[in-house]
1. Quick one: in segment 112-143, of everything that is surrounded by fewer than 20 Cβ atoms within 10 Å (Cβ to Cβ) and under 11 Å from the mean Cα position of the chain (by Cα), which residue is farthest from the ligand (Cβ to nearest atom)?
2. Evaluate segment 138-155: report whether one residue or more is hydroxyl-bearing (Ser, Thr, Tyr) and closer than 20 Å to Ser32 by Cα.
3. May I ask you to list the residues in segment 74-111 that are over 20 Å from Gln46 (Cβ atoms), touching a residue at least 24 places away in the same chain (Cβ under 8 Å) and of a type in the set (A, V, I, L, M, F, W, C)?
4. When segment 71-106 is examined, which residues are found to be aliphatic (A, V, I, L, M) and touching a Lys or Arg at 6+ places or on another chain (Cβ under 7 Å)?
5. Can you list the helices (runs of 4 or more DSSP H) lying wholly within segment 1-97 that have 3 or more residues being more than 16 Å from the ligand (Cβ to nearest atom) and surrounded by 14 or more Cβ atoms within 10 Å (Cβ to Cβ)?
6. Restricting to segment 100-136, what's the tally of residues that are part of a helix (DSSP H, G or I), hydrophobic (A, V, I, L, M, F, W, C) and farther than 23 Å from Asp174 by Cβ?
7. Limited to segment 112-138, what total is found for residues that are of a type in the set (Lys, Arg) and without any contact (Cβ under 8 Å) to a residue 40 or more places away in the chain?
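Throughout, read-outs are computed from the coordinates displayed, never taken from laboratory work. For clarity, every value in this text was computed on a predicted model and none was experimentally measured. Cβ placement follows ideal geometry from the backbone for every residue including glycine, while neighbour counts extend to all protein chains displayed.
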Amino acid sequence: MSLVLGVTGGIGSGKTTVCKIFSTLGVPVFYSDVEAKKAYQDPMIQMKVRAEISNEVFVNGELQPRKLADIVFNDRDKLEALNEIIHPYVAKLFAEWRLAQNAPYLIKEAAILFESGAYRQCDHTLLISCQETIRVQRVMERDGASESEVRARMSRQWSDERKRELAGFEIVNDGQRALIPQIMELHNQLKGIN
Ligand code: ATP
């Protein structure tokens, strides 16, 4: 089976940007957060979320993300319950996807790779890092969000310093250091390990 590189980084660090470049090199990428969002369309998941979190998070079968965030970020038990519904679902999708790939290594992108403990199932981990001020600017521009909204999202994630302790590799995406040579170096190294 192919090795798995878990890729993570704080909001606005450029995880998706970096993964898209790896993808152009032929590396298959699994976007955990995209799959987690899709999970809410599954009727079984909807039933569990309604039962364990609240009936109000779906209106006509459509997830109300703000409502859900309001509930789970103010209630630790509900956040844990939600994770216990969503994480196994995404883990199963990932396991199936992994079996269907044929490449020297695969990427699993996840915003909370370290926070969730999912990094333990990866062979290697990569942190995309960038200082907070730049990340805030990027996300404000990308999402049209206010600084306080971005900082509130950031406050629920670990700092780069804390993630760095667990990360095997690091790519600095601060807009100063060129991204492509860092990606190529790691790509060549990972191809070689396999
Ligand atoms: P999130 O956690 O919110 O999903 P992310 O880590 O996946 O974010 P991206 O969406 O890849 O981050 O990047 C955030 C924004 O910053 C995007 O609009 C992207 O185009 C921009 N960006 C990323 N890297 C750079 C860079 N090196 N120079 C300029 N802009 C960049």
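1. Taking the candidates together, the pick is Ser116.
2. For segment 138-155, residues hydroxyl-bearing (Ser, Thr, Tyr) and closer than 20 Å to Ser32 by Cα: absent.
3. Phe94, Trp97, Leu99, Ala103, Leu106, Ile107, Ala110, Ala111, listed by residue number.
4. Answer for segment 71-106, where residues must be aliphatic (A, V, I, L, M) and touching a Lys or Arg at 6+ places or on another chain (Cβ under 7 Å): Ile71, Val72, Ile85, Leu106.
5. 43-52, 65-72
6. So the answer is 1.
7. 1
Residues checked against (1) under 16 Å from the mean Cα position of the chain (by Cα); (2) hydroxyl-bearing (Ser, Thr, Tyr); (3) within 21 Å of Arg98 (Cβ to Cβ):
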{"position": "Ser13", "(1), (2), (3)": "yes, yes, no"}
{"position": "Cys19", "(1), (2), (3)": "yes, no, yes"}
{"position": "Thr24", "(1), (2), (3)": "no, yes, yes"}
{"position": "Phe30", "(1), (2), (3)": "yes, no, yes"}
{"position": "Glu35", "(1), (2), (3)": "yes, no, yes"}
{"position": "Pro43", "(1), (2), (3)": "no, no, no"}
{"position": "Met47", "(1), (2), (3)": "no, no, no"}
